[in-house]
Each structure stands twice: as structure tokens, then as C-alpha cells.
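Engineer: This structure is in C-alpha cells; I'll ask about it shortly.
The values are calculated or read from the model by the stated rules, or taken from the named source; none is laboratory data. Since this is a predicted model, take the numbers as computed values, not measurements. Using ideal geometry, Cβ is built from the backbone for each residue, glycine included, and neighbour counts are taken over all protein chains shown. Note: accessible area is taken over every heavy atom of the protein model, side chains too, but ligands, DNA and RNA are not part of it. Shrake-Rupley method; radii C 1.70, N 1.55, O 1.52, S 1.80 Å.
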Amino acid sequence: MFSYLIRRVLMLVPVFFAVSLVIFLILHFIPGDPIDNLLKVGSSPQARTEMEARYGLDQPLPVQYGLWLGRVLTGDLGTAIVARRPVADLIAQALPHSLRLGGLALLFSSVVGVGLGVVAALNRDRWPDRAIMGGVLLGSTMPGFWLGLILMLVFSVWLGWFPVSGARSWQALVLPVLTIGLGGTALVARITRVAMIEAAGRDFVLLLHAKGLSPLRIQLRHVLRHALIPVVTILALRIGWILGGAVTVEVVFARPGLGTLLIKSLSQHDYPVVQACLLMLAMAVMLGTLLGDILQAAMDPRVRAALG
Amino acid sequence: MSGRALPAPLRAFRRPLGAVAGGWLAAVILAALFAPLLTPYDYDIQALKEAYQPASARHWLGTDEFGRDLLTRLIYGARTSLSVSGIAIALSVACGMTLGAAAAWFGGWFDRAVTVVVDLTWSFPEILIALILVAIIGPGTTGTMVAISVAYLAQFTRLTRAQILTLKSETFIEAARSLGAGNAHILFRHLLPNALAPVLVSAMLATGDAIILEATLGFFGLGAQPPVPSWGGMMSAGSALVFKAPWIIIFPGLAVAVTVVAINLFGDALIAELDIRARMRRQV
């Protein structure tokens, strides 16, 4: 198990380099020059060259990548071109907001999703199953930003229960968490239901029935435990997805976070900030995948045995 | 004559949910095709005196901030949203099938390279991939189309590769080979046709996701540019007015949700008719 852990973590190193190279390169294909945003209209060409030298934009691409990667690895994310502040500061400000929102949304969708999935599986093909799966399908087909705006309209404007936007109080978190969480709930409920139904057909379940255990106890203690393995794996993989979904929802609710920062700096062509945001999101995705693999190995003795 | 002879998409209509979903999809597609015949108004002519009207007999779904008829814009918006997502997914399927089949067929370092790249992009949210690509290509319908097709490329490459790999070891392939069939014959006449059904059904389901993605890009102002209506663009304009005239954003969102639900239900009916549920899950 331990050697598997080490191997799995080492595998992230080449992936990290590949992802960082892609992120670095992509940004240089984006049209639009950040220097244009900085220079006053009618500045001399000399001022432009000076400005480019200041941000290292006059170096050849491989050199720029090497310098950038070296700085990133030492924790220096550069200076935001438009905001003129260290990028690390901007990220440090935005990240906790995104993590809180994403974490709560993940919690919401796992608890509600597993609950709904279990109820649906226990009532397979009867009306509770149909109602839950129908509701879940509807919830997963609404665009996140739209759902957010409609929730805002109903609960903040008409009913006045929650603040419209911002991040000043915990109440402001409720609607964004709900918006992101509802989308994830659909997936979790669907996977839990299928996994429960599949696990219930296994031989060991037949044996438990033969031994005379109560059906509900079998379902909740044995079948669910079995079914949770794929659910947990998917949930860990979802970490990156939830941060991705947070991008639109953060913008809708005007919350300070990585998503808002990313969209704003994309429109301002602020390369260093966009690069840092993408790198953060990419690392979240990679760590989520890692977590999923480790959890799967920890929960499933067969996987553990296969890994040696 | 027995119903078995009917093609699967028509058989799906015999299921109640399939019929409702298929009926809605057919209606939306027909409305999009014949938009000019159905709509008494123009989608881009402003009538500021009639702005912000709620639903009425004159304007069934009300008017927007420029006094344009919302139903008219919704129908023209279906044109943009459906064609952009449809073409994007078609493009993605064509490239993904080629890549996936080539990877499974040739194996070796090519297969490994494709798998690494696909796994890498697979784990990233489509919206992030699409956002970055639109930023590179530039906003508009072409940019959105390319961005969406790249965002879904990994999915179809993976699915095709998995299908071909499992089919490759089936008995009927061995039989064809022992009868003297060549490589190209086996790939194009046996493997690809058999891999087609799951890939096409998942392409249909992905078109639903692509409609949402297109709407999201449109919401950020990166999709079809005004005055051409798209569902996302309409919601983008409506989001600023959500408290003043909520209907401007409610109806395009409902159009997206109902259409995507219909695509999913019809897809389910198709999967059941084709009896390919187990094969659809084979993606690894």
C-alpha cells in the first residue's frame, strides 16, 4: 500500500510538467496584448520595449517557460499586470472563498446524492424511484448560472431570505452552494442507485438473505458499503469539476473567488493571473484524482491486493 | 409487418417517454428550420415603445429590453444553439472516432500517447477547456463550435477506443480473419460499424451537454454575437434585468432545460431499443 502511494504520487510529477507547459503555451496564443492595457495612448515604442523587458515578454518562449516554472516552483507567481499586485496575493485572497464554496457544495451533493440514490434503489422501479430520478435529471439539465439566477430571484428578491450577492455572511453562501450542489447531486444519486442495484445482485447478498438477516439491514450495512466504493471515487474526481462549476456560479453571485478572478483576468488579458488560476484549478483536479485512487485502494481490499 | 423492421430511432417513439421527448425535439428542430414562416416579428428590429412587456396575446412570451418579441427570438435562438452544438458534436465525433480507432488499431506508442493526452483532458471540466479555447480563437459562433468540439473530443476518443479494443477479440473478428479478410476490411466493415451505435447515442447525449455549454459561453458574452439570438446570449442580456423583467431570462433557460431533458429521455429510449446499456458504460 505504501509503495503504491509513493508510486502514485511520483506519477503526478510528469503530469504536472505537461499541464504547466500546456497552460503556459496556451496563454501565449491568446490574442490581445496586456501591455496595450498598461501603456498610455501615444506612448513611445521605447516605453513599450521597457515595459516588455520588465515583465520578461521580450525573451524567447522556452526561456520564458523555464523562468516562469522556476519561479512557480518557489512559490512566486509573478505580478499581476493589470492589478499590479503579486499574483500570489490575489490567489491567496480568492482561494479560501472558492474552497469554502466548493467544499460545502461537495458535502451537500454527497450527502443528498447518496441519500436519494439509496431511497431510489430501495424502491427500484416504483414511484419514489421514478420521482427521484426524474427530479435528478431535471436538476442536471439546467445551466448552472440560470439556476443560480432563478434561485436568487425567488429566495432573495421575492422571499427576501438571503442576500442577493456578495460574501459577507454565511447566508450569502446558501444559494451558491445549492446551485453548484444540485448539479453534483444528480450524478451522485445516479451512481449510488446503479451501484446499489448492482451490488444487491452479488452472491454474498444472497448468502446474507439465506442466513436470515433483515433485508433493510442487508441493504444499509452490506450493500451500501459495497456500493460506496465507486461513489467515493467519483466524488473525489468531482473536486475539480466542482471548482469548474464554481466559475460560473461565482460570477453570477458576484463572489470573490478563483472563478471570478479567472474570468476577469481573461477579459483583461492578464496572463500571470490567468496562468496561476488555471494552475490552481489543474492542481485541484490532479489532487482529486489522486485522492480518488487512494481512497479506492483504501476501501477496496481487491484493489489493494492487486496493487501489492 | 413487424415493428422490428423499423429503425431504432422510430422504435423509440413507441415508448411513452420516448414519444413525448422525441415529439418535443422534432418540434424544436422544425421550428428552428422554419423560423421565418412561424414568427410574425423580426428578431432584430427594435420597438423601444414595447420594451419590457410581460406575456400577452400580442407577445406570447413578452418582449425584451429593446421591445423585441421574445418567442421570435427564442425560435431563432434555437437555430443558433442547436446548430452550434450539433455541428460541434459532429466534428468532435468525427475526430474522436478517427483518433480512438487509430489508437486501438495501431496500439504501441501511438496508443499510449493518445491515452495520456485524452486522460489528461478528460479530467478537466469542459467549461474550463472551452473558456480557454474561446479566449484563443475569439468569441463568436465559429469559436464556440471549435471550443465545444475540442472539449468533448476526449470522451469520443475514449469510447471508440474502448469499443474497438473489446470488439477486436470477439469471435466474429477471428472468423472474418480466418476467412482471409484484410486489416482495412476488418476495421471499416466490421469493427467501426459495430462500434457506431454506442458512439452515436453518446453523441446525442453529449449534444444535450453541449447545448448547456453553448449557453454558458453565451452567458459570458463569448457565443453568437448580437443581434443574432442564441439561448445563452438571451440569458446573458436577461441576467442584468432579472429583477426588472424576469421573463427575459426565464424562458430561454426553460428552453435549454426542457430540450436537454428531452434529449436525455429520448437517448434512454434509444439505448433501451438498441439494447446497448452495458456497452455504453464501457469507457475505460
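Engineer: Considering the zone a paramagnetic label at A:ASP89 would reach in this model (a point 7 Å from Cα along the Cα-to-Cβ line), which residues of segment A:249-280 have amide N under 15 Å from it?
Structural biologist: Under 15 Å, as judged by backbone N against the label point of A:ASP89, lie A:273 of segment A:249-280.
Engineer: Also, I was wondering about something else. Kindly provide the trypsin sites (Lys or Arg not before Pro) of segment A:44-133 that DSSP labels as loop, not H, G, I, E or B, and whose Cβ sees at most 14 other Cβ atoms within 10 Å.
Structural biologist: A:ARG84, A:ARG124, A:ARG126
Engineer: Ok, one more. Using modelled amide H (1.01 Å from N, peptide plane; none on Pro or chain starts), what sits under 5 Å from the amide H of A:THR79, excluding residues fewer than 5 places away?
Structural biologist: Here A:VAL87 satisfy the definition.
Engineer: While we're on this one: How much length is gained if the chain between A:LEU287 and A:ARG304 is pulled fully straight, taking 0.36 nm per residue apart and subtracting their Cα-Cα distance, in nm to one decimal?
Structural biologist: The span from A:LEU287 to A:ARG304 would gain 4.2 nm if fully extended.
Engineer: Take each of the peptides A:188-194, B:175-181, A:271-277, average the number of other beta-carbon atoms within 10 Å over its residues, and list them starting from the highest.
Structural biologist: Put in order of decreasing packing, that is A:271-277, A:188-194, B:175-181.
Engineer: Which residue, chosen from A:VAL22, B:ALA101, A:VAL164, occupies the Cα position most advanced towards the positive end of the dipole of the protein assembly as shown, where the dipole is computed from +1 (Lys, Arg) and -1 (Asp, Glu) charges on Cβ about the Cα centre?
Structural biologist: Of the listed residues, the answer is B:ALA101.
Engineer: Please report the Cα spread of chain B along all three principal axes, rounded to whole Å, starting with the longest.
Structural biologist: Result, largest extent first: 77, 53, 27 Å.
Engineer: Report, as an integer, the average count of C-beta atoms from other chains found within 10 Å of each Cβ along B:214-221.
Structural biologist: Mean shielding by partner chains, rounded to a whole number: 4.
Engineer: Quick check: at a probe of 1.4 Å, how many percent of the accessible area of chain B sits on carbon and sulfur atoms?
Structural biologist: Answer for chain B is 68 percent, counting heavy atoms of protein chains only.
Engineer: Also: Checking an interface number: how much accessible area is buried between A and B, summed over both chains, with a 1.4 Å probe, in Å² rounded to 100?
Structural biologist: 3000 Å²
Engineer: In what sequence, highest mean first, do A:111-118, A:142-149 appear when ranked by Cβ atoms within 10 angstrom?
Structural biologist: The densest-packed peptide leads the list: A:142-149, A:111-118.
Engineer: Assigning unit charges at the beta carbon (Lys, Arg +1; Asp, Glu -1) and nothing else, what dipole magnitude in debye, to the nearest 20, does segment B:157-230 show about its Cα centre?
Structural biologist: Roughly 260 debye, rounded to the nearest 20.
Engineer: Considering only protein heavy atoms and a 1.4 Å probe, what is the carbon-and-sulfur percentage of the accessible area of segment A:216-301?
Structural biologist: Answer for segment A:216-301: carbon and sulfur cover 69 percent of the accessible area.
Engineer: Top mean-square fluctuation among A:ILE294, A:ILE197, A:ILE150, Gaussian network model of chain A, C-alpha springs under 10 Å?
Structural biologist: Evaluated over chain A, the most mobile residue of the options is A:ILE150.
Engineer: Which Cα, out of A:PRO215, A:VAL174, A:GLN275, lies furthest along the positive dipole direction of segment A:90-296 (beta carbon charges, K/R +1, D/E -1)?
Structural biologist: A:PRO215
Engineer: When the C-alpha atoms of segment A:198-308 are aligned to their principal axes, what extent does each axis show, in angstrom, from largest down?
Structural biologist: 67, 36, 16
Engineer: Need the list of aspartates and glutamates near A:LYS264 for cross-linking: C-alpha distance under 17 angstrom, and skip anything on the same chain fewer than eight residues off.
Structural biologist: The qualifying aspartates and glutamates are A:ASP33, A:ASP36, A:ASP89, A:GLU250.
Engineer: What does the average come to when, for each residue of peptide B:193-203, you count the partner chain Cβ atoms lying within 10 Å of its Cβ?
Structural biologist: 0
Engineer: With the contact rule set at Cα under 8 Å and sequence spacing of 6 or more, what percent relative contact order holds for chain B?
Structural biologist: Once normalised by length, the contact order is 25 percent.
Engineer: For chain B, list the DSSP H helices whose alpha carbon atoms reach 27 Å or more along the long axis and whose average Kyte-Doolittle value is 0.0 or above?
Structural biologist: B:70-106, B:141-168, B:192-219, B:247-274
Engineer: Per residue, how much accessible area does the protein assembly as shown show when a 1.4 Å probe rolls over the protein heavy atoms, in square angstrom?
Structural biologist: For the protein assembly as shown, the solvent-accessible area averages 47 Å² per residue.
Engineer: Moving to a separate point now. GNM on chain B, C-alpha springs below 10 Å: top fluctuator among B:VAL146, B:VAL228, B:VAL116?
Structural biologist: Looking only at B:VAL146, B:VAL228, B:VAL116, the biggest GNM fluctuation is shown by B:VAL116.
Engineer: Could you let me know the centre-to-centre spacing of segment B:70-133 and segment B:158-236, using Cα atoms, in angstrom?
Structural biologist: Segment B:70-133 and segment B:158-236 have Cα centres separated by 8 Å.
Engineer: Something else: Whose amide H sits under 5 Å from the amide H of A:ARG255, counting only residues 5 or more places off or on another chain, with H placed in the peptide plane?
Structural biologist: Residues meeting the amide H criterion: A:GLY166.
Engineer: Pick out which of A:ALA80, A:ALA186, A:ALA105 has the largest mean-square fluctuation in a Gaussian network model of chain A, springs linking Cα atoms closer than 10 Å.
Structural biologist: Of A:ALA80, A:ALA186, A:ALA105, the most mobile in the Gaussian network model is A:ALA80.
Engineer: So which residues of segment B:223-247 lose at least 20 Å² of accessible area, probe 1.4 Å, when you go from the chain by itself to every protein chain present?
Structural biologist: B:MET235, B:VAL242, B:PHE243, B:PRO246
Engineer: If you don't mind, there's one more thing I want to ask. In nm, give the distance between the simple-model label positions of B:ALA51 and A:LEU99, each being 7 Å from the Cα along the Cα-to-Cβ direction.
Structural biologist: 4.5 nm
Engineer: Got the relative contact order for segment A:90-296 handy, in percent, Cα pairs under 8 Å and 6 or more residues apart?
Structural biologist: 29 percent
Engineer: Hey, another quick one. Quick check: from the Cα gyration tensor, does chain A come out rounded (a/c under 1.5), prolate or oblate?
Structural biologist: Oblate.
Engineer: Just the ratio, please: alpha-carbon radius of gyration of the protein assembly as shown over 2.2 N^0.38 Å, N its number of residues.
Structural biologist: 1.03
Engineer: Give the calculated FRET efficiency between A:TYR4 and B:LEU241 to the nearest 0.05, with a Förster radius of 41 Å applied to their Cβ-Cβ distance.
Structural biologist: Efficiency computed from Cβ-Cβ geometry: 0.15.
Engineer: Determine which residues of segment B:86-109 fall in the zone a paramagnetic label at B:ASN183 would reach in this model, i.e. backbone nitrogen under 17 Å from the point 7 Å along Cα→Cβ.
Structural biologist: B:98-109
Engineer: Would you be so kind as to list the residues of segment B:127-154 that have their accessible area lowered by at least 10 Å² in the full protein complex compared with their chain by itself (1.4 Å probe)?
Structural biologist: B:ILE127, B:LEU128, B:LEU131, B:ILE132, B:ALA135, B:ILE136
Engineer: For helix A:127-140, report the angle its Cα long axis makes with the longest principal axis of the Cα atoms of chain A; keep it between 0 and 90° and round to the nearest 10°.
Structural biologist: Rounded to the nearest ten degrees, it is 10.
Engineer: Can you tell me which aspartates and glutamates have their Cα less than 17 Å from the Cα of A:LYS211? Leave out same-chain residues fewer than eight positions away.
Structural biologist: A:ASP203
Engineer: At a threshold of 8 angstrom on Cα-Cα distance, excluding pairs fewer than six apart, so keeping six or more, what relative contact order does segment B:53-121 reach in percent?
Structural biologist: For segment B:53-121, the relative contact order is 13 percent.
Engineer: Sticking with this one: List the aspartates and glutamates whose alpha-carbon lies under 19 Å from that of B:LYS49, not counting same-chain residues fewer than 8 positions away?
Structural biologist: B:ASP64, B:GLU65, B:ASP69
Engineer: I've got another one for you. How big is the dipole moment of the protein assembly as shown about its Cα centre under a simple scheme where the beta carbon of each Lys and Arg is +1, that of each Asp and Glu is -1, and everything else is neutral? Debye, nearest 20, please.
Structural biologist: So the dipole magnitude of the protein assembly as shown works out to roughly 1680 debye.
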